[in-house]
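The values are calculated or read from the model by the stated rules, or taken from the named source; none is laboratory data. All values reported here derive from a predicted model rather than from experimental measurement. Cβ: placed from backbone, ideal geometry, glycine included. Neighbour counts: every protein chain shown. Ligands, DNA and RNA are excluded from the accessible area calculation, which covers all protein heavy atoms including side chains. Shrake-Rupley method; radii C 1.70, N 1.55, O 1.52, S 1.80 Å.
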Amino acid sequence: MHTLPKLPYDYNALEPHIDELTMTIHHTKHHQAYIDKLNGAVKGTKYETMDVDEILKNINEVPENIRTVVRNHGGGHSNHSFFWQVMAPNAGGEPNGNVGDAIKHTFGGFDKFKEEFTNAGLNRFGSGWAWLVVDGKKLAVMSTPNQDSPLMEGKIPILGVDVWEHGYYLLYQNRRADYLKAWWNVVNWDKVNVLFEKK
Ligand code: MN
């Protein structure tokens with residue numbers, strides 16, 4: 001059975017950038033609902049015990065009658081488990097370590113990367129995610145609709161931001177740009193660097 005991972009910090013830890021109520025509902029209601037629906041769909045199959053990221057990497061092997069549910073809710077489970085990890089209190093700033101060098105090299109500077117990543121989030125129509133991924137040997141910015149994961153396309157996410165309205169509406173209402181601007185203050189670059197080096 002798939003279960004809700006504990007948040008690695010308190011619900012109010014990302015304030016003032018992300019508020020306590022948003023974090024509480026996002027984790028205990030939205031993320032939990034993805035898990036419940038995933039569990040309901042995979043009950044009695046081998047996907048009940050398979051790591052969710054492994055399921056997504058092989059999404060086309062999932063039986064057709066449950067594939068869409070697994071794509072949406074397994075994607076939701078994986079994406080949110082990942083999202084909590086790449087944020088932290090007292091974080092943000094500029095990345096250092098190997099990922100910092102790779103970002104500068106790939107995008108022509110940290111500010112240019114920030115702009116490209118932010119635009120990926122702003123230009124995602126409706127609900128979805130913006131990502132920094134390792135694609136083969138290189139870094140790339142991309143976005144996905146709904147709860148699709150870069151893992152479904154063979155790409156490895158090392159940073160991602162949820163641009164579903166449920167992630168920011170209470171504090172920012174319709175102002176996705178303000179949310180994305182503030183979000184940089186909670187990016188856990190140490191974790192991003194670990195994910196990058198593991199690749
Ligand atoms: Mn979300």
> What are the pairs, 6+ residues apart or on separate chains, where a residue within the range 127-150 that is in a helix (DSSP H, G or I) has its Cβ under 6 Å from a residue that is among the β-branched types (Val, Ile, Thr)?
Replying inline: Pro150/Val133
>> Between Asn96, Asn12, which is surrounded by fewer than 18 Cβ atoms within 10 Å (Cβ to Cβ) and more than 28 Å from Tyr169 (Cα to Cα)?
In response: Asn96
> Of the numbered conditions (1) in a helix (DSSP H, G or I); (2) hydroxyl-bearing (Ser, Thr, Tyr); (3) open to solvent by less than 30 Å² (accessible area, probe 1.4 Å), Thr106 satisfies every one except a single condition; which is it?
Replying inline: (3)
> Limited to the range 45-90, what total is found for residues that are assigned to a loop (DSSP other than H, G, I, E, B), away from the ligand (no atom under 16 Å from the Cβ) and surrounded by 19 or more Cβ atoms within 10 Å (Cβ to Cβ)?
Replying inline: 1
> When the range 161-199 is examined, which residues are found to be part of a loop (DSSP other than H, G, I, E, B) and either at pLDDT 95 or above or crowded, with 19+ Cβ neighbours inside 10 Å (or both)?
Replying inline: Val163, Trp164, Tyr168, Gln173, Asn174, Arg175, Asn188
> Looking at this structure, is Thr118 hydroxyl-bearing (Ser, Thr, Tyr) and out of contact with any helix residue (DSSP H, G or I) (no Cβ under 8 Å at 6 or more places or on another chain)?
Replying inline: no
>> Just the residues that are part of a loop (DSSP other than H, G, I, E, B) and surrounded by 17 or more Cβ atoms within 10 Å (Cβ to Cβ), please, taken from the range 109-126.
In response: Arg124
> Which residues, taken from the range 17-31, are under 16 Å from Pro89 (Cα atoms) and without any contact (Cβ under 8 Å) to a residue 24 or more places away in the chain?
Replying inline: Glu20, Met23, Thr24
> Looking at the range 7-22, is at least one residue within 13 Å of the ligand (Cβ to nearest atom) and not in a loop (DSSP other than H, G, I, E, B)?
Replying inline: yes
> Out of (1) more than 16 Å from the ligand (Cβ to nearest atom); (2) open to solvent by less than 70 Å² (accessible area, probe 1.4 Å); (3) not in a helix (DSSP H, G or I), what's the single condition that is false for Ala41?
Replying inline: (3)
>> Checking Trp183 against (1) closer than 14 Å to Asn119 by Cα; (2) in contact with a helix residue (DSSP H, G or I) (Cβ under 8 Å, 6 or more places away or on another chain): exactly one of these is not met. Which one?
In response: (2)
